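Coordinate-derived values only; no laboratory data. These numbers come from a predicted model, not from an experiment. Here Cβ is always computed from backbone atoms with ideal geometry, including for glycine, and neighbour counts include all displayed protein chains.
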Amino acid sequence: MKQNITPPMIDPEAAYHYGVMRRAIEVIDHASDPLALDQIASEMGMSAAHFQRLFSRWVGVSPKRYQQYLMLDHAKDLLRDRFTTLSAAQEVGLSGSGRLHDLFLRWEAMSPGEFARKGDGLDISWGWFDSPFGPALVMGTDRGICGLAFSAEMGAAEAMEDLTRRWPGARFKQNPDLLEGWVQTAFGAQSGGGGKAPIYLIGAPFQIKVWEALLNIPSGNVTTYSEIAQTIGTPKAVRAVGTAVGRNPISWLIPCHRALRKSGGLGGYHWGIPVKRAMLAYESARADV
């Protein structure tokens, strides 16, 4: 069903702050050498002091420190220093403050029969929200969040089309009030209050196995597609695992951004490589604070 697209109602100050951070990331990405604070601030049209305060408030570390996390070699460093062996994590019941779903997630999956009906009879609410990574389109049923997309790279209309076509039989209704509390928890605004953001996985059984494996990767850590394939008992299905990772409808909460190529390359990311790089840097910075 074709949806009428309501433009994201983004808080002007939040949109401005994200825009500055996004432009700063682009400048750093295209630089052949590390940039001085004055250089980046000048590109942003700000004084060095103002840019430093804004940047540090947004990400928790200085621009100089953040540059280290955004460099292309950072993915390889993560694989070397923070590679998570998922099978071992499951065997020892790995838990701790870094595990996203231990902090504020609970989840359940749609049955295979329900999935086969392509959302027929399912009511899905949707709304646009601010996030650290730009405008976020969030969808959910009465059981929890079933879709989370970022439009900074692809645009609002394409993000909406991308999610709605996954469940062609569903009825979609703009209803951000249903989602507001879950979204605030999902992005950390209420995670200290003990609440949990429920997520509702709508996918084929193989996809759900892959997404469940992603949920075992601690924040600030990474794994590889081949490791995920090994963990779910299909070691030769690396390509299929990669496809399932790419089809994850609930980005950020099901952390497909933490899956890398065995070489240390970032691989693809459905919502844009700049968003993936920003997420990894964002988590790494907080893990080291």
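List of remarks:
- Sequence ranges 36-49, 123-136, ranked by mean other-Cβ count within 10 angstrom, highest first: 123-136, 36-49
- Zone residues, segment 121-162, relative to TRP58, backbone N less than 11 Å from point 7 Å out along Cα-to-Cβ: 132-134
- A simple spin-label model places pseudo-atoms 7 Å from Cα toward Cβ; at ALA48 and LYS118 they are separated by 5.9 nm.
- Each peptide in 167-177, 218-228, 236-246, 196-206 receives the mean, over its residues, of other Cβ atoms within 10 Å, and ordering these scores from highest gives 218-228, 196-206, 236-246, 167-177.
- Two-site label geometry, LEU37 and SER111: point separation in nm, points 7 Å out along Cα→Cβ: 6.0
- Charge tally around GLU108: other residues with Cβ under 13 Å, Lys/Arg +1 each, Asp/Glu -1 each, net 0.
- Summarising the label geometry, the points placed 7 Å from Cα in the beta-carbon direction at SER226 and GLN184 lie 4.6 nm from one another.
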